[in-house]
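To keep things clear, I will list the structure first and then write my remarks on it.
A short reminder: the numbers here are calculations on the coordinates, not readings from a lab. Keep in mind the model is a prediction, meaning the values are calculated, not measured. So basically every Cβ, Gly included, is an ideal-geometry build from the backbone, and we count neighbours across all protein chains shown.
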Amino acid sequence: MTEKSARYSQVKRYILDGISQGSWSAGERVPSENELVDLCKVSRMTARRALQELLIEGTLVRIKGKGSFVAEEKQQSSLLQIRSIA
């Protein structure tokens, strides 16, 4: 990990890269705060902030007592074109 970007951003990137590369798919548990501390060599507060931001963005869901899991992809609806009835 480089020192240029904020440490929590690097942890977020680690998780997002793992998801995009197939290490974790929808419904699978991602590393806990404590596991991220060991894996990424960051403080627990840094790991917590990264997970919290991914929760807010909808990338992860948290289940109390179980952990953080990759969220199911949300279906994107196409924009409807409404034509004038005049």
What does the highest-first list of 31-38, 57-64 look like by mean Cβ count within 10 Å? 31-38, 57-64
Length released on extending from residue 48 to residue 61, taking residue separation times 0.36 nm less the Cα-Cα span: 3.3 nm
By per-residue mean of other Cβ atoms within 10 Å, what is the highest-first order of 16-23, 41-48? 41-48, 16-23
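Around residue 24, with a cut-off of 15 angstrom between Cβ atoms, what is the net charge of the other residues, counting Lys and Arg +1 and Asp and Glu -1? List each step's numbers first, then the result.
Numbers: positive: 12, 13, 29, 62, 66; negative: 17, 28, 35, 72, 73.
With Lys, Arg at +1 and Asp, Glu at -1, the neighbours total 0.
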